[in-house]
């Protein structure tokens, strides 16, 4: 959503009938060459670039089902990649020629505004926050090919083997383990993607030109048109502190033994983050957890926690203003309320750790944000940042030897559309090798209720399931929600899931009362499955492809029964897209997806 700095490395063009892209690209190439020689941007370069208006181009999550919420321009991949390559060469030359930072920043900001990608202060803020990383990489590595930046920032449109790598996964098969008996249960509360907005203000405009509205420094809303922010939160935006407090209040009326928090504390006001303010908000939420929950809380980092967002630095030799060590040290201190001292080493190294809450049970926490293509440092080095996957193998080998059951927590699912394919592929190899030791995976990031099935190498057998916590935040037009997992206390398999929510519209109309939280479903009952074992969830996808009523019901569950979801229909195209999301565990691998779509069409 916020790749405004992409303009440093490439500009994209909209698909509009009648435009001659070859001609425009030739003019742009000539303009960049002249600019490089003279140091002055020729007037005709701006004129041709104005043909490529890109309003809202990088806004994510613009649909409910197939209903557009935000109109974004379509892009033509070949023109996009060619133009990116031209611009990347030019700006890398500028950086390596010693062009002053402020001049670079002003040029990129001007281009962002020229293309109407975002309003002025958003362009200026995001460019100012991100430009130092690009300057550092290209100024300090004369051999770094600028095209690598295009291949990352336009990952799906401009594929290459620039980010191909593998790790050694030990041979062998995962030993069989006992099946759950459900004689006694452990309960786990899963909350994710809170996006606490300390600048949220009731009465401000709910729909605006900026990526996040309801801000204290924006216009007042209009109650007569409904364009006004409510007390608790507002669809399409982040949430108030009141809502966070009420979530903790209500959660404590339920029984649970552990809390899994799978990341994203900071709001979507990405144009004005600072280390100081992010640290303040992170500390505020952690204090709420410490005071509100009487059970251990196992937290992970989201992609929004750094400032600027997404940028986890892998190289300790960078300058202090680029380091994320402040964040790692902060969460090491904050999480120590629930974690043993033995976790400090890996948390301080990269924000990952392992802990055993009870005999026979191990939790592994990963910082999967380093596989997210919006982390620009992948341009410099992408192979297994922090050595996490190698570390994961070593922890799983030990767990296997000691007959421990494992839960893995990671913010971003391995099959998400903006994760490195190499990461997802190598991670899935690890999951398959230790499939019977790994009793569940728990993710966040996507803000909707979803799960992801992992399959063996020939995709004939479901081997593991990753459950997503949906989200407390309402930015994707869903109601606030959290989950309670029922877990077998001996095997630590997930045996059922209860999801809880409230209707946001109703709550805002009755702001003097606590929201009416209610249970949306028991997963086992709602989807009529004999168990939540991987093979039964794999069979569920087949059942969904044959009986589309399950997918219709899932559409409402996905957005937690929100008004927006109730008002939209999920047609055949939408339902097949959902099936693919369930079955895509490696970004770009559509084999299982295509198989399920064919089965769906046979039963349409």
Quick shape check on the range 87-213: root eigenvalues a ≥ b ≥ c of the Cα gyration tensor, a/c under 1.5 is rounded, otherwise prolate if a/b tops b/c, else oblate, and it reads oblate
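Evaluate the Kirkwood expression for the hydrodynamic radius of the range 262-331, namely the inverse of the mean inverse distance over all pairs of different C-alpha atoms, and round to one decimal in Å.
Details: mean 1/r = 0.0775 Å⁻¹.
Evaluated over the range 262-331, this radius sits at 12.9 Å.
Over the range 332-464, calculate the relative contact order: mean separation of alpha carbon pairs under 8 Å at least 6 apart, over the residue count, as a percent.
Reported as a whole number, the value is 21 percent.
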In degrees rounded to 10, the 0-90 angle between helix 572-583 Cα long axis and the longest Cα principal axis of the chain is 70
One finds the C-alpha centres of the range 493-508 and the range 29-51 to be spaced, in Å, by 54
Which of [x] 27.9; [y] 23.7; [z] 25.0 gives Kirkwood radius over Cα pairs in Å as computed here? It is [z]
P(r) of the range 152-225 over all Cα-Cα pairs, 5 Å bins starting at 0, rounded to whole percent, reads 3, 9, 9, 7, 6, 8, 12, 11, 11, 10, 8, 4, 1, 0
One finds the C-alpha centres of the range 231-310 and the range 84-161 to be spaced, in Å, by 32
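Which value at 222 nm does the chain reach when only helices count, each DSSP H run of 4 or more adding -39,500 (n - 2.57), with the total divided by all residues and rounded to the nearest 500 deg cm²/dmol?
Details: 20 runs with 227 residues, N = 604.
After summing the helix terms and dividing by residue count, I get -11500 deg cm²/dmol.
Among DSSP beta bridges whose residues both lie in the chain, state the antiparallel percentage, nearest 5.
Values: 34 of 55 bridges.
If I count the DSSP bridges inside the chain, around 60 percent turn out antiparallel.
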The rounded separation in angstrom of the Cα centers of the range 557-604 and the range 206-229 is 32
Helix 591-602: inclination vs the chain longest Cα principal axis, degrees, rounded to 10, gives 70
For the chain, longest principal axis from Cα atoms; helix 101-114 axis from its Cα atoms; angle between them, nearest 10 degrees, is 80
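Quick one: compute the contact order of the chain, relative version, from alpha carbon pairs under 8 angstrom and 6+ residues apart, as a percent.
Details: 1178 pairs, mean separation 83.4, N = 604.
14 percent.
Bear in mind these aren't lab numbers, they're just calculated from the coordinates by the rules spelled out. Everything numeric in this text was worked out from a predicted model, so none of it was measured.
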